[in-house]
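Below you'll find the structure, written out as structure tokens, and then a few comments.
Values in this text are rule-based calculations from the coordinates and carry no lab data. From a predicted model like this one, the values you see are computed outputs, not experimental measurements. Cβ coordinates were reconstructed from backbone atoms using ideal geometry, including for glycine residues, and neighbour counts include every protein chain displayed.
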Amino acid sequence: MINRKMEILQLLKSKERGMSASQMAAELNLDRTNASRYLNELYKENRVVRIEGRPVIYEVTPLELDAGKEHLAEVGFDNLIGAEESLKISIQQAKAAILYPPRGLHTIIFGETGTGKSLFAECMYHFAVESGILSQNAPFVSFNCADYAQNPQLLFGHIFGVKKGAYTGAIEDQDGLVAEADGGILFLDEIHRLSPEGQEMLFTFIDKGTYRPLGESVGQREATVQLIGATTENSSSFLQTFNRRIPMVITLPPLSSRTLDERYEMVARFISQEATRLNQRICVEKETFSAFMLYTAEGNIGQIKRDLKLVCAKAFLHYRTHNETCLTLRQKDLPLHVQKGLLRIKELPERINRSMDNKSNYLTFDPGTNELVWVQDSMQDMEVYNAIEEKVEALSSGELDHLDLETLIASKDEDYFQDYVAELSQNNVHRELISERIWQLTDNLYNLAEEKLQRSFNKKARFAFALHLQGMIERVRENHLIVHPDLNNVRKKYSKEFQVAIDLSGMIEEEFAIEIPFDEIGFITMFLTLNQKEVSKRAENKVTIVILMHGKSTASSLLEAVQELLGTNTGVAFNMPLTMEVQQMYDKLRQYVKVHLDEMSGGLLLLTDMGSLNSFGDMIFEETGIRTKAIAMVSTMVVLEAVRMASVGRSLEDIYQNVQLSFESVIKEQYRPAASIKKAVIVTCFTGEGVAKKLYERVAPVIDQSKMRIIQMQFLEKEAFKKHIDELLEEYDIKAIVGTVDVSYQNIPFFSAFDIFEESKLAIFKRIVGEEVSVEQMVRSLEGTIHSVDSVSRLIISLQKTVHEIQKDLHIMVEAGVDSGIILHLAFLIDSLRQGKEGRSFRNLAQFKQKNRMEMDIIRTHLMGLESLYQVKISDEEAAHLTQMFQENKINWNG
Amino acid sequence: MAKKTIMLVCSAGMSTSLLVTKMQKAAEARNMEADIFAVSASEADANIEKKDVNVMLLGPQVRFMKSQFETKLAPKGIPLAVINMSDYGMMNGEKVLDQAIELMGE
């Protein structure tokens, strides 16, 4: 699809004589009225001349003809921006690699996404031709290894060729890329995606110059090919394998280490390219240009190019609908992340600023400047504009009020833009992880599902599914048994989704020629239930506390006393007169739970006076699905603690553990809290092995597994999952959950599969699971410095517990090292208070207290324990300092 | 090597004072002439004016004040960093001294 008007202009340029509107219409297969309308427009724009007569003949203006003869700049090193600066060394290396006798050196190009690796490889090829190393018609074959990364056999066949009969479906001999590139250059992008087998074969080819197509049993084939690989991967393991075999390593600098002059040139060149493409002058607001010069583009040059394109598309839409004389890139149309560049405006050197500072507030770019044509730059370039053009045309032919045009197009075009923007914003890591084919299929499947279920799924859901799909196809191919443990329930509960899942599996079967097991359909169904607005979304319910005691009014009067003490109405009392049968009591309790089922998603804590009543807990869970814990032999203190914690929204497991601990501590004065508890991270998905495995692989490198376990877990149903987490919590301190289904539970930080593949989120994850300084180490470091307490070790342990608890109650988490800082601070504080030293002041204390009342209260409550234990009084000022430390150091893992 | 002045800052200047003692020992062992001292965050400003500080280190619990100090120190060219978390937790004078020396670029 090419812009019609441009097409007409091109056609006219190619003809020696002019053409009439009907000739034009016939040649381009257009309606005649349309053809003459376009020609008229071109005439008005002074781009064609009319030769009056019958019929009227149109010719391009001489000026236009010149513009058409624009010399497209050759792809070559000399035309690369920074050829004499940032890229100088890389280019020298590349030239050396090409010229090295007898047939050049195999080369690998390292560089972040978007640094121009493909373009650079292409330049190397052109240089080889120019310098006579390769003949004029030598092939340049380019291939992205990610395309077939999922299927090593296919990839292998694609590169080395396939012999007829190598596998069912190989009905004839097929040359591979190596044969195709014989006598030229083979460029393999994302070479790290090659399977080990593929790498092995490639090395053999590098070493000996021979290879064997798939399915060929005898003989070797020969080919002379210079290999250029490109990769973003610079891990040591990868380097080692390739370094030994590939002698030349060229690194392309990231955008951040390019000079500002180079960046200026890039932005200017890209805008010129768009101007040429549209054959239209582009005006750029100075702020827009500055923003593009300065913003942080993690996707490097490629991202600048994409972002510019989006802005140009917006400007084009505006231009077309308002019939403006000039296409203008306005600051207000910039995506936010680009606008942020303006925050750094001071960094723009005076000299560049001045060069933009000519009389007007705009910079202008005219079409026809040199354009670097790049094979990778697909036809898509024109598509955005064409789509807009088509819309404008379709709509303006109707009887539409001109004023409404833009709003109308905006609404019609919104979907298109959203997709376009989504495509742009799609993180490369997410893209690269999954093959194009799987993405495509995932999108098709989800589009169908959205239509059938009348529900929308976000990209996170799609990503999780794509990951799952990829693993599932592998497993099916390898004949792994897929078992869904709860298939029947899923089928009943989500019958609509199940129906759709059947359709979807049909599509998958067709696309990948595999047979999807019935149980797998269950998993697909579950993916379709994701993203649904949960019925019980209203913030997790508080834990229900039920006090169950023998005696006419023992339970109720105990609860009453506690409620009065705490000024709350949390808790329910069940009195069990001695005449009442246990069964009767149970029925009463069950009845209560059933009636209040809606409010009980937080779980139920049973406080009883006799162990025998504890069996109620499991029975209630079995019958109602409400997570239930029971504690026997309660005392006023236990009820007080439980009710207090429940009323501030602490979780069931948390309350259970704490109450048990404080109970234990009454009996056994010295227990060892948290100190010896093991740490863990949970990775989870529906199958417990598909996506979870990928997640495992992703987080494993950043975790020291001698200190922290990674637990792979299946998620089938929320309540069961939570119960499982509860069990794990008795043994582990769970630092984070990473998974496909959003579980907010126990304030454990959650990372979606989508998040964890984003570098910035992974960095946060790293900080959360980061190493902590152990109690022993801290105690050792304080040896001989704190004398006012009996046991430094005990002091540190209780401080650690306090710091831990404060974070829980504040619903925050501070970075791993910061809490040891706070613990040490507290240790010295208590020491100095015990020696009778004066506390410090706090600026604007009253104001701070007012602003942070809640937080101060929580911290004060926790300090009370320390105060009584160490017989000190901690001032409000100190508490404020502490509050500030927690507040200011918290990790923002949601943002 | 000229005498160096190293200033440590934490919330109250208490926990870092222990670190100071350990750093002083480390400096002595290396025959390095250094004036190492700790102050609370509120006293830091006065000390920046008063003393000819060569480098400033922050305790991890007051890392949030880093940017605030940066604006004050940058014009004077005084380097500033947060003390490595695990070195701080273990009160490792040697390593923190190394960190300070590295920051001064010597």
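Brief remarks follow.
- Sequence-ordered 3J(HN,Hα) estimates for region B:73-89 from the Karplus curve with 6.51, -1.76 and 1.60 and θ = phi - 60° stand at 8, 3, x, 7, x, 8, x, 9, 8, 8, 5, 3, 4, 6, 5, 5, x Hz, glycine and proline given as x.
- Among the listed pairs A:K88/A:K346; A:K117/A:K286; A:K286/A:K309, those beyond 22 Å (Cα-Cα): A:K88/A:K346; A:K117/A:K286
- Rg to Rh, two decimals, where region A:544-667 supplies the alpha carbon set and Rh follows Kirkwood: 0.93
- Amide H within-cut-off set for A:V249, under 5 Å, with H built and near neighbours excluded: A:I108
- Likely footprinting exposure, A:F751, A:F156, fewest C-beta neighbours within 10 Å first: A:F156, A:F751
- Between A:F203 and A:R50, full extension at 0.36 nm per residue minus the direct alpha carbon distance yields a gain of 48.7 nm.
- Near the amide H of A:K890, within less than 5 Å, lie no amide hydrogens of residues on another chain or at least 5 residues away, with H placed in the peptide plane.
- Taking region A:775-888 and dividing mean pair separation by its residue count, relative contact order in percent (alpha carbons under 8 Å, at least six apart): 29
- Long-range amide H partners of A:A736 with built H, under 5 Å: A:I682
- Compared with the direct C-alpha span, the chain from A:H337 to A:M864 gains 185.1 nm at full extension, assuming 0.36 nm per residue.
- Region B:1-85: trypsin sites (Lys or Arg not before Pro) in DSSP coil with no more than 16 other Cβ atoms inside 10 Å: B:K3, B:R30, B:K51
- Partner lysines for A:K163 [C-alpha distance under 23 Å; skip if fewer than 8 residues away on the same chain]: A:K208
- Cα-based reach from A:K15 at 20 Å (exclusive), listing lysines while leaving out same-chain residues under 8 positions away: A:K5, A:K69
- In region A:672-737, trypsin sites (Lys or Arg not before Pro) in a DSSP loop with at most 14 other beta-carbon atoms within 10 Å: A:K707
- In this simple spin-label model, placing a label point 7 Å from the Cα along the Cα-to-Cβ direction at both B:E43 and B:A2 gives a separation of 2.5 nm.
- Among the listed pairs A:K493/A:K694; A:K766/B:K66; A:K332/A:K766, those with a Cα-Cα distance over 27 Å are A:K493/A:K694; A:K332/A:K766.
- For the peptide A:813-820, the mean number of other protein chain Cβ atoms found within 10 angstrom of a residue's Cβ is 5.
- The residues A:S435, A:S195, A:S820, when put in order of fewest to most other Cβ atoms within 10 Å, stand as A:S195, A:S435, A:S820.
- Loop-located trypsin sites (Lys or Arg not before Pro) in region A:78-123, at most 15 other Cβ atoms within 10 Å (DSSP): A:R103
- Distance between modelled label sites at A:D173 and A:V648, nm, 7 Å Cα→Cβ extension: 8.0
- Going by neighbour counts of Cβ atoms within 10 Å, the residues A:D819, A:D175, A:D307 line up, fewest first, as A:D175, A:D307, A:D819.
- The mean number of partner chain beta-carbon atoms within 10 angstrom of a residue's beta-carbon across peptide B:88-101 is 3.
- Placing dummy labels 7 Å off each Cα toward the beta-carbon, the span from B:E28 to A:I345 is 5.7 nm.
- Computed over the protein assembly as shown, the alpha-carbon pair-distance distribution with 20 angstrom bins reads 10, 30, 36, 19, 5, 0, each value a whole percent.
- Sites A:D742 and A:E474 - FRET efficiency at Förster radius 35 Å, r taken between beta-carbons, to 0.05: 0.85
- Structural descriptor for region A:725-769: relative contact order 31 percent, calculated from alpha carbon pairs under 8 angstrom and at least 6 residues apart.
- For the segment B:35-41, counting C-beta atoms of other chains within 10 Å of every residue's C-beta and taking the mean gives 1.
- Two-decimal log10 I(q)/I(0) for region A:764-890, as the Debye equation yields it once each C-alpha is a single scatterer, q = 0.09, 0.10, 0.14, 0.23 Å⁻¹: -0.25, -0.31, -0.61, -1.49
- What the Cα atoms of region A:77-253 give is an Rg and a Dmax of 16.3, 54 Å.
- Cα centroid of region B:27-106 to Cα centroid of region A:246-290, whole Å: 41
- One equal scatterer on each Cα of region A:236-346, no solvent, Debye formula: the resulting log10 I(q)/I(0) at q = 0.11, 0.14 Å⁻¹ is -0.44, -0.61.
- Of the beta bridges in the protein assembly as shown, as assigned by DSSP with both residues counted there, near 20 percent are antiparallel.
- Contact order relative to length of region B:4-104, as percent, for alpha carbon pairs under 8 angstrom and 6 or more apart: 35
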